[in-house]
Every structure is written in structure tokens, then in C-alpha cells.
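A quick write-up on the structure given underneath.
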Amino acid sequence: MAARRRGKTAKTNAMRELESSGVAFCVDTYQIEEGTPERDLGLRIAHMLGKDPASQFKTLVTTTPTGGHVVCCIPVADELDLKKAARAAGEKSLSMMHVRELEAVCGYERGACSPVGMRKRFPTLIDETAQLFDAIGVSGGAKGITLTLSPEDLVAHTEATLADIVA
């Protein structure tokens, strides 16, 4: 869960990066009990926040055959199609990054990975359904924080490619 100071949510790297770039966003916070199963967590969070699950995106990090990485943002209820994502990224194939590598590579723990504010900028794919919404939600970079912003701003800020990458 996000650290709090005097009733405020502490800023994450994702928030600082968006602010310094002048990108408008809103912050939503939520609480999940320790030990809550990961399965369908994104759907539960969307419902807790009163958001359309199709407008809430999870961030998955993949690995290329040469050891590079590609960030993929897809709706929380969907599954990533690795073949479609590889084609969209111009790679021969992609595999999911092992969870134990996530923090060292991206700077985020599992369940808090944001496409914004990673340690290094990686090629980013966002499922094309993002453009159906005026605003989408992504992780804020800490458990318990969601950032809502326009998909156009997210695409521009991350230099992402919109593509059909879900199964």
C-alpha cells in the first residue's frame, strides 16, 4: 500500500514524472487486505473504485529474445497475447518477465508496476481499446494507487504504440 503522510498519499516516481512533464492526472487510492489473491485483483479494484474495468489497464513487462524488455498495458480483465505483442513490437517473440526480476529492472514491485516512472524507458505497447475512453486508469507505482489520465497523454508521454495485443 502507498505510504501516507498526514492524510496525503506520498508521491510515487510515476506521479513525479507526470507532474514534471505537465501531464494532467487524477489519483485514486484503495486498500487491499494482505493475502488477497492476485487472481482478478484488477477487476476487484476497478469495481471498488466504481470504474469500468475495460478502462482500467494493467502493466505487464515482457522480455525479448535478446534480453531487452517491452512494456504492455492491457485492460485488467484481458490476457496478453504474446504473439500479437511481439509482432507489434517488431520482435521475433516475447516472454513474460519473471516476477523476481521486476523490481530490479523496472523499480516497481508486482502489483504496482506503472508504465510511467520506470528506472529506464522501454518500448511500450498499449492495447488499442484505450482510445475508446476519455480517461484510463493505470497503476500509480505503488500498491493502493491508481492514476487516471487521457490515453493520448499516456501514449505521448511513454512514446507508446497502440496495437491489438490482447487474446
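Values quoted throughout were computed directly from the atomic coordinates according to the rules given, and no laboratory measurement underlies them. As the structure is a prediction and not an experimental result, all values here were calculated from the model. FYI the Cβ positions are ideal-geometry reconstructions off the backbone, even for glycines, and counts take in every protein chain you see.
General remarks:
- In summary, the stretch 102-149 shows an alpha-carbon radius of gyration equal to 1.20 times the 2.2 N^0.38 Å reference for compact globular proteins.
- Lysine pair count for the chain with Cα-Cα distance under 16 Å and sequence separation of 8 or more or different chains is 5.
- Sequence-distant contacts, meaning Cα pairs under 8 Å at least 6 residues apart, place the relative contact order of the chain at 29 percent.
- Hull volume in cubic angstrom per residue (convex hull over the Cα atoms of the chain): 110 Å³
- Order of Thr12, Thr129 - criterion: other Cβ atoms within 10 Å of each residue's Cβ, fewest first: Thr129, Thr12
- Residue order for Val61, Val27, fewest other beta carbons within 10 angstrom first, comes to Val27, Val61.
- Theoretical gain in end-to-end length, Thr29 to His47 [0.36 nm per residue, Cα-Cα removed]: 5.2 nm
- Exposure proxy ranking, count of Cβ atoms within 10 Å, fewest first, for Asp134, Asp52, Asp78: Asp134, Asp52, Asp78
- Of the Cα atoms belonging to the stretch 22-70, the radius of gyration and Dmax stand at 14.7, 41 Å.
- Spin-label model distance (nm) - Glu152 vs Arg87, 7 Å beyond Cα toward Cβ: 2.9 nm
- For Lys58, the residues 5 or more places off, or on other chains, whose built amide H falls under 5 Å of its own are Ile74, Val76.
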